[in-house]
Amino acid sequence: MNTTIRTQVGILGAGPAGLLLAHLLQKAGIDSVVIDSRSRADIEGTVRAGIVESPAAAVLAKSGVSDRIYTDGMKHDGVEFHFDGGRHRIDFNALIGKSVYLYPQHEVLRDLIAARIRDGVPPLFEHKADAVLDAESSCPRIVGTDAAGQTFDITADIVVGADGSGSIARIPVSGSRGGYFREYPFGWYGILVEAPPSAPELIYSRGDDGFVLISTRDKKVQRMYFQCDPSMDVNSVSDDQIWDRLQAGVAGIELKRGPIFKKDVLRFRSFVAGELRKGRVFLIGDAAHTVPPTGAKGMNLAFSDVLWINQALRSFFASGSERLLDAYPHNALDRIWRAQNYSYWMTSMLHVAPDASEFDKKRSLGELYSVTTSRYGQQYLAEGYVGWEYGADDWM
Ligand SMILES: Cc1cc2nc3c(=O)[nH]c(=O)nc-3n(C[C@H](O)[C@H](O)[C@H](O)COP(=O)(O)OP(=O)(O)OC[C@H]3O[C@@H](n4cnc5c(N)ncnc54)[C@H](O)[C@@H]3O)c2cc1C
């Protein structure tokens with residue numbers, strides 16, 4: 001049996017990008033249908049991002065999704081950089097008067113899903129899209145199969161692909177291989193551990209063995225990473241070896257240990273799709289771009305795309321004008337490439353490439369000293385980290 005649905009905007013993917021877009025569109029009286037292949041429990045239980053930039057937190061609170069980020073999130077006014085035996089604090093508050101919030105992505109997703117349910121338009125979970133069709137017609141479609149094995153066909157005025165880095169919406173827009181791509185010769189070995197925080201702020205450390213990040217999820221669960229070979233087998237190191245590697249990266253701080261309940265190896269990629277629009281189909285979020293996680297930009301950058309496409313869709317449905325739809329790729333790409341640059345810069349400055357020469361290592365230290373000992377260098381880092389103001393102003 002085939003289920004057919006007609007809506008104004010078909011949104012493929014109930015990640016932060018797709019759900020925030022549906023929320024903002026509804027505020028403007030625009031109907032949308034959000035589908036996701038995963039169950040609600042799976043989406044709400046997947047631990048990913050943790051750092052929410054100041055403008056992203058403001059969007060969530062001002063748009064009425066939730067202000068839990070300000071009550072339950074941890075406000076961080078700075079970060080520490082450890083290198084060459086020394087510690088250097090970047091004081092966001094003193095430099096630019098803003099902070100970031102440690103608020104896990106799955107909590108953002110819980111808030112966004114709760115808002116869709118509260119507004120009477122829950123996402124269609126366990127609906128897997130197989131294809132996005134008819135991009136260049138006035139009625140693009142998402143077709144797929146639900147958990148019961150029934151096929152569905154969502155016909156819309158506009159389809160938005162918010163289906164993450166393995167996007168299928170990208171196929172009609174940009175081709176399966178089109179785009180700008182960079183792979184890194186290192187990745188992160190990450191753990192989730194039951195323990196209290198080891199430090200009041202995040203620690204980014206660069207030692208001779210490479211990078212270590214001491215991060216946090218909340219008062220009971222900590223996230224820590226060390227640089228590794230991207231093809232490393234996650235089970236090839238013992239817990240003791242993991243702790244030794246992490247501890248060596250942050251000499252002078254005693255890491256608070258506890259049971260490690262999740263281990264993963266994260267590959268690093270930078271990617272921007274060759275096109276963000278084909279006819280009536282648009283790409284946003286990780287479907288449009290991927291950044292390595294060092295600058296904590298992915299979800300925050302996805303929100304920028306959401307604000308631009310939301311503004312364009314409001315104008316389109318109010319007036320029939322495609323002017324802002326036409327402008328979407330140009331508008332979104334400005335921040336996308338700045339965020340690509342920032343993430344690439346943080347990544348290359350803080351990691352040690354496997355083939356790095358002694359010259360490369362010493363030059364990197366020179367770069368870290370240049371940034372951390374100059375007020376302007378610190379300010380550049382802080383502005384990017386805390387998050388540039390979003391460009392789309394008319395989003396609500
Ligand atoms: C370890 C880690 C740490 C990170 N830390 C940060 C951080 O601190 N700050 C930050 O801003 N970002 C961070 N990120 C990046 C961030 O998680 C992503 O950029 C963000 O999730 C992108 O949101 P999205 O909505 O575009 O895509 P996703 O969150 O990937 O959502 C896409 C959704 O589409 C669904 N989907 C995919 N294909 C289909 C299909 N065929 N049919 C139906 N549904 C489909 C998926 O199930 C998924 O729910 C981190 C990422 C990782 C992995």
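Rule-based calculations on the coordinates, nothing more; no lab input. All values reported here derive from a predicted model rather than from experimental measurement. Note that each Cβ is placed from the backbone with ideal geometry, even for glycine, and that neighbours are counted across all protein chains shown.
Here the label points at Ser348 and Tyr70, each 7 Å from Cα along the C-beta direction, are separated by 3.9 nm in the simple model. Pairs of Cα atoms nearer than 8 Å and 6+ residues apart set the relative contact order; for segment 90-244 it is 14 percent.
At a 10 Å Cβ-Cβ cut-off, how would you order Ile117, Ile5, Ile11, Ile168, fewest neighbours first?
Values: Ile117 12, Ile5 15, Ile11 29, Ile168 20.
Final ranking by Cβ density, sparse to dense: Ile117, Ile5, Ile168, Ile11.
Can you give me the relative contact order of segment 261-396 as a percent, contacts being Cα pairs under 8 Å and 6 or more apart?
Numbers: 117 pairs, mean separation 34.0, N = 136.
Relative CO of segment 261-396 lands at 25 percent.
Dividing the summed helix terms, -39500 (n - 2.57) for each DSSP H run of n ≥ 4, by the number of residues in the chain produces a 222 nm estimate of -11000 deg cm²/dmol to the nearest 500. A straight Cα-to-Cα reach below 30 Å connects Lys262 with the lysines Lys75, Lys128, Lys219, Lys220, Lys297, residues fewer than 8 places away in its own chain not being considered. Positive end of the dipole of segment 178-330, charges at C-beta (+1 Lys, Arg; -1 Asp, Glu), about the Cα centre: which of Ala327, Leu313, Phe303 has its Cα farthest in that direction? Selected residue: Leu313.
What's the magnitude of the charge dipole for the chain around its Cα centre, counting Lys and Arg as +1 and Asp and Glu as -1 at the beta-carbon? Answer in Debye, nearest 20. Could the numbers behind the result be given before it?
On the way: 43 positive and 49 negative charges, 68 e Å.
Using only the charged Cβ atoms, the result is roughly 320 debye.
Considering only alpha-carbon pairs that sit under 8 angstrom and 6 or more positions apart, the relative contact order computed for the chain is 20 percent. Per-residue Karplus couplings for segment 279-285, computed as 6.51 cos²θ - 1.76 cosθ + 1.60 with θ equal to phi - 60°, are listed in order as x, 9, 10, 10, 10, 9, x Hz, Gly and Pro entered as x. Under 5 Å between amide hydrogens, built in the peptide plane, is the criterion, and for Thr216 it picks out Arg223 among residues at least 5 positions away or on other chains.
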